[in-house]
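K.L.:
If you scroll down you'll find the structure; I have some questions about it.
The values are calculated or read from the model by the stated rules, or taken from the named source; none is laboratory data. Computed from a predicted structure; not experimentally measured. Ideal geometry is used to build each Cβ from the backbone, glycine not excepted, and the neighbour counts take in all protein chains shown.
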C-alpha cells in the first residue's frame, strides 16, 4: 500500500519517492514490526489463555500458567503490516491469509480446555499445506517464462523442470514437515523463535540480494524471482515482529507463542523456501529445527505405525535430551543450537551460491 502511495505522490512530494525503494520499505517493516509488537504484546497478556503444560516436555511445570497463544497477536500484526508495506500479488496475499489461518487453528487449540487431538491438527495442517501448494504451483507456473515449474539445485548448472503433480506433493510434504518440526522445537524459552529468526534473515537476504536482482541471479546462475524484493519486505516484516515477541520470550519468559505462533512460523518459513525454487535451502534455514523436532516425529511414527524402535536412548525433542542427559541449561541449549545452525547456514549458502 505504501509502495503504491509513493507512486501516486512522488510527483507532488519529493520524499514520497523513498516509499518506492524496497530497501527503505524493508527497514520500515522490520523496525515497525519490532517496536509495535514489543509495545502491544504485553497489553494482551490478560486476554490470552494460560499454558496447560506439555505432556512430554521437561519444562511443562515452568511453562504452566503462563499466557500462551501470543501468536494470535504478533502474526496478526505481521499480516496487517505486510499488506501496508509490501506491493502484494495474489500469491503473497493468499500465503498471508493461509499463514493467518494456520495461526488461527493453533490458537483455537491453545485456548481449548483439553487440546485438540494430534490427528485433527495434522489434518488441518495438511489441508492448509495442500492449499498453499496448489496456489504456489498455479502462480509460479503462470508467471514463468515457459509456463513450467522448475527447481534450481546445488551442483546442477541448469534448472530442473518439475511436473505439476510432483511439485504439489513435494511442497505439501515440506510445508507439513516445517509446521510440525517448528512446533516441536518450541519447548525452551527463545529457542524456536531464535532459530526461525535465523531462517527469516537468511531467506530475506536471499530474496532481496540474490533472487530479486537480475544481474546477481544471472551471475550466480540461479533463476531471477521477479517479486523477490517484495518477498523480502514480507519476510523482514515477520522477522521484526518475531524480534518483538522474543523480547518478552527470552529466558525466563513472560509469554509463550503457543501453537498459534509456532505453526504459523513453520508454515511461512516453509513457503519461503519453496517459493525460492530450491527445496534444499531447508538445510540452510532449518537444519536444527528439522533434527530437533523431525527425528522425534519419525521416531514416534515408526513406533506407532510400524512397531519399529529407533534411537531408544535419545530423548526427543533433542533439546530435552540435552537438558536431561547432558545437563545443559536453557541458555546453553539456546546458544549452542543457534551457533550450530549459523555454522550450517554459512556452509550451505557457500555451497548453494558458489560461482559456477
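K.L.:
Within the range 212-239, track down each residue that is surrounded by fewer than 21 Cβ atoms within 10 Å (Cβ to Cβ) and in a helix (DSSP H, G or I).
P.N.:
Residues satisfying the conditions are 214, 215, 216, 217, 218, 219.
K.L.:
Only one of these conditions is not met by residue 280: (1) without any contact (Cβ under 8 Å) to a residue 40 or more places away in the chain; (2) within 24 Å of residue 171 (Cα to Cα); (3) surrounded by fewer than 21 Cβ atoms within 10 Å (Cβ to Cβ). Which number is it?
P.N.:
Against the list (1) without any contact (Cβ under 8 Å) to a residue 40 or more places away in the chain; (2) within 24 Å of residue 171 (Cα to Cα); (3) surrounded by fewer than 21 Cβ atoms within 10 Å (Cβ to Cβ), residue 280 comes up short only on (1).
K.L.:
Here is a follow-up. Among (1) crowded, with 16+ Cβ neighbours inside 10 Å; (2) more than 23 Å from the chain's Cα centre (by Cα); (3) modelled with pLDDT of 95 or more, which single condition is residue 43 missing?
P.N.:
(1)
K.L.:
Collect the residues in the range 299-333 that are part of a helix (DSSP H, G or I) and surrounded by 17 or more Cβ atoms within 10 Å (Cβ to Cβ), keeping them in residue-number order.
P.N.:
If the condition is that a residue be part of a helix (DSSP H, G or I) and surrounded by 17 or more Cβ atoms within 10 Å (Cβ to Cβ), then 299, 318, 319, 320, 321, 322, 323, 330, 333 are the ones that fit.
K.L.:
Tell me which of these residue 188 doesn't satisfy, since it passes every other one: (1) assigned to a helix (DSSP H, G or I); (2) modelled with pLDDT of 85 or more; (3) buried (at least 18 other Cβ atoms within 10 Å of the Cβ).
P.N.:
Here residue 188 clears every test but (1).
K.L.:
For the range 120-137, give me each residue that is surrounded by 15 or more Cβ atoms within 10 Å (Cβ to Cβ) and either on the phi > 0 side of the Ramachandran plot or in contact (Cβ under 8 Å) with a residue 40 or more places away in the chain (or both).
P.N.:
121, 125, 126, 128, 129, 130, 132, 133, 135, 136, listed by residue number.
K.L.:
Taking the stated definitions as given, is residue 197 at pLDDT 95 or above, under 13 Å from the mean Cα position of the chain (by Cα) and either surrounded by fewer than 24 Cβ atoms within 10 Å (Cβ to Cβ) or not in a helix (DSSP H, G or I) (or both)? Walk me through how you get there before you give the answer.
P.N.:
On the way: at pLDDT 95 or above: yes; under 13 Å from the mean Cα position of the chain (by Cα): yes; either surrounded by fewer than 24 Cβ atoms within 10 Å (Cβ to Cβ) or not in a helix (DSSP H, G or I) (or both): yes.
In short, yes.
K.L.:
Still on this structure, please answer the following. Return the residues of the range 92-111 that are in contact (Cβ under 8 Å) with a residue 60 or more places away in the chain and within 21 Å of residue 232 (Cβ to Cβ); say none if nothing qualifies. Talk me through it step by step, then tell me what you get.
P.N.:
Within the range 92-111, the subset in contact (Cβ under 8 Å) with a residue 60 or more places away in the chain is 92, 95-96, 98-100, 102-107, 109-111.
Matches in the range 92-111: 92, 95, 96, 98, 99, 100.
K.L.:
Take residue 222 and tell me if it is in contact with a helix residue (DSSP H, G or I) (Cβ under 7 Å, 6 or more places away or on another chain) and free of Cβ contacts under 8 Å to residues at least 40 places away in the same chain.
P.N.:
Judged against the criteria, residue 222 is not a match.
K.L.:
Got at least one residue in the range 48-69 being at pLDDT 95 or above, assigned to a helix (DSSP H, G or I) and under 19 Å from residue 261 (Cβ atoms)?
P.N.:
No, the conditions are met nowhere in the range 48-69.
K.L.:
Of the numbered conditions (1) assigned to a loop (DSSP other than H, G, I, E, B); (2) touching a residue at least 12 places away in the same chain (Cβ under 8 Å); (3) out of contact with any helix residue (DSSP H, G or I) (no Cβ under 8 Å at 6 or more places or on another chain), residue 114 satisfies every one except a single condition; which is it?
P.N.:
(2)
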